[in-house]
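The structure under discussion appears below in the form of structure tokens.
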Amino acid sequence: MHRMKKLLDLYQQWRGAEPANVQQIPGGGSNRTYYRLTDNNGQTVIGVIGTSRDEDHAFIYLTEHFSKRQLPVPKILAASDDQLRYLQTDLGSTSLFDAIRGGREAGGRYTLKEQELLKRTIRELPNIQMQGARELDFSNCYPQAEFDVDSVLFDLNYFKYCFLKATELDFHELKLEADFRLLAKDLTTDEYMVGGDLQSPTATCFLYRDFQARNVMIDHDGNPYFIDYQGGRKGPYYYDLASFLWQASARYPHKLRRELVYEYYNSLKNYIEVPPARHFVNRLSLFVLFRTLQVLGAYGFRGYFEQKKHFIESIPPAIQNLRELLASSSSFHYPYLIDLLRQLTELPQFQQIEATASRADGYKTTDLNPYKAHPQDGPATFSKYDAQGPLVVRVFSFSYTKGIPEDESGNGGGYVFDCRSTHNPGRYEPYKQLTGLDEPVIRFLEDDGEILTFLDSVYKLADAHVRRYIQRGFTSLMFCFGCTGGQHRSVYSAQHLAEHIHEKFGIEVRICHREQNITQILKKE
């Protein structure tokens, strides 16, 4: 009550009258308390009560500095002498996190409106990072002025002790520590040549540190405003981009994520001479790796040690991010660490990953594991079905070198599609051990686009045929997709056609990825 009285006294000194209404509003993860204070005319401001002078000083200093540079942040209206209480402009009640809730809850199927909000936000990020760093006295930052080796090692060891050890995975402490130190050095050293001049992004950038959708407010015109940057410091801009786009719970589809990286890179050009695209992508991958380990450390502590269910449930999506990163990037030079992380992603407790949407047009793609053949499923084939039942569609993937699948119904087969005209991911080392059910292969095929054009024609033909078979009371229809090895393109095509038919017609579809020994039955709805 004493602290609240002091806040009300500060408001009265600033406004000249007591507020007509005081409403406590939800805060974030900090120890600050927030109130919406309303005057007799309905005008509102936000009152804040803090407990850390250094943290509150950092926020007030940064906010006043950013306001002078006309950046989209709240304004400080009044502050107590000890800076433990202050008033700031009210940016409303809609955060970006709230505004894109629909897409997040739909498993990553974001509407065009939600995508535009994300793009507006990511285009504005370089503004606060670069403009905000100009003439900024980083000694006012809290708890430290700069992203450095010690802070990286702290987070990596947090991952080791709070997450890795809890999995009981055996590892060599000294070998892991050596790779940690090498990674920390690489994260804090980034120099490259542009136009004959040596560039260093860390020297000219404000690292937001906690850049996430909850810390972005959206006004009635859809413009983003930034809050809760008091933990910021001097550091590399890649960190914030990785934090935002690879947040596990956001479930951003790969295509959308790539578009947002592209928007950021182009926006960054307005402030600095950007590094070459290849350098940028490699550096970003490095920070995605670091942020993923950092997040797993936090999830481990909050989940395994504090037994908070939400954090335990957040671990599998974060592991999936790690799995995809390891499969898609060959730029990591930490052999022991990378091998250990691969072992981590293969642990049984992390194998059941929730299905996610990875395409902006609404088609489903699903992680490999739900389609793994189990002992009770029998071999990767289907027994002859009851000829008197309703239409059952069977979809096969196969390798041409091993022959076209036989039609066990006795009807002489159906459609056979040759996928070999499309770009083959199997030609590239990162994809050779994966299949068309794995996310990196799905990304490769969909980003290339040839397979999508191919399937558009297949869908039209299949839809007409399935519809006519249902009308005529037929009970069997077979589709087969062949490629060189029966591993990538044919598997992708068969799985997507099967899901398309099942979703559109609600009939039973039986899938057999013959060369992968994988079967699945999509039951009649």
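Results, tabulated for the structure shown:
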quantity	calculated
Charge dipole (region 9-103, unit charges on Cβ, about Cα centre) - positive-most of Tyr35, Ser80, Thr94	Thr94
Three-way shape call for region 1-156 based on the alpha-carbon gyration tensor, with the a/c threshold at 1.5	oblate
Candidate lysines for bridging to Lys113, where Cα separation is under 20 Å - those fewer than 8 sequence places away on the same chain excluded	Lys255
Residues in region 281-310 that a label on Asp339 would reach, taking backbone N under 11 Å of a point 7 Å out along Cα→Cβ	none
More than 29 Å apart - percent of Cα-Cα pairs taken over region 182-335	20
Shape category assigned to region 248-309 from the gyration tensor of Cα positions, a/c cut at 1.5	prolate
When the convex hull of its Cα atoms is projected in every direction, mean area for region 452-504 (nm²)	3.8
Surface accessible to a 1.4 Å probe, per residue, for the residues of the chain, Å²	46
Descending principal axes extents, the chain, alpha-carbon based, whole Å	89, 56, 48
Of Lys402/Lys432; Lys460/Lys523; Lys119/Lys460, pairs whose Cα-Cα distance is over 28 Å	Lys119/Lys460
Extreme residue, positive dipole direction of the chain, given options Ile404, Ala250, Ser267 (C-beta unit charges)	Ile404
Rounded, prolate or oblate (a/c below 1.5 giving rounded, otherwise prolate when a/b exceeds b/c) for region 229-268 by Cα gyration tensor	oblate
Euclidean distance between Cα centres, region 440-464 to region 466-500, Å	13
Rounded Å value of the spacing that divides the Cα centres of region 247-271 and region 34-78	29
Calculated FRET efficiency for the pair His220/Gln24, C-beta based, R₀ 30 Å, to 0.05	0.80
Qualifying lysines (Cα of each under 20 Å from Cα of Lys175; at least 8 residues distant if same chain)	Lys160, Lys165, Lys185
Dipole magnitude (debye, nearest 20) for the chain, charges at Cβ of Lys, Arg, Asp, Glu	940
Accessible-area composition of the chain, carbon plus sulfur, in percent [1.4 Å probe]	48
Dipole magnitude of region 203-325, debye to nearest 20 (Cβ charges: Lys/Arg +1, Asp/Glu -1, about Cα centre)	420
Disulfide-incompatible cysteines by the Cβ rule (no partner under 4.7 Å) in the chain	Cys141, Cys162, Cys205, Cys480, Cys512
Added length on full extension, which subtracts the Cα-Cα distance from 0.36 nm per residue, Asp98 to Ser249	53.0 nm
Shape parameters for region 396-525, alpha-carbon atoms, Rg then Dmax in Å	14.4, 47
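The values are calculated or read from the model by the stated rules, or taken from the named source; none is laboratory data. Predicted, not measured: the structure shown is a model, and the values here were computed from it. As a convention, Cβ positions derive from the backbone with ideal geometry for all residues, glycine included, and neighbour counts pool all protein chains shown. The area values use the complete protein model at the heavy-atom level, side chains included, leaving out ligands, DNA and RNA. Shrake-Rupley method; radii C 1.70, N 1.55, O 1.52, S 1.80 Å.
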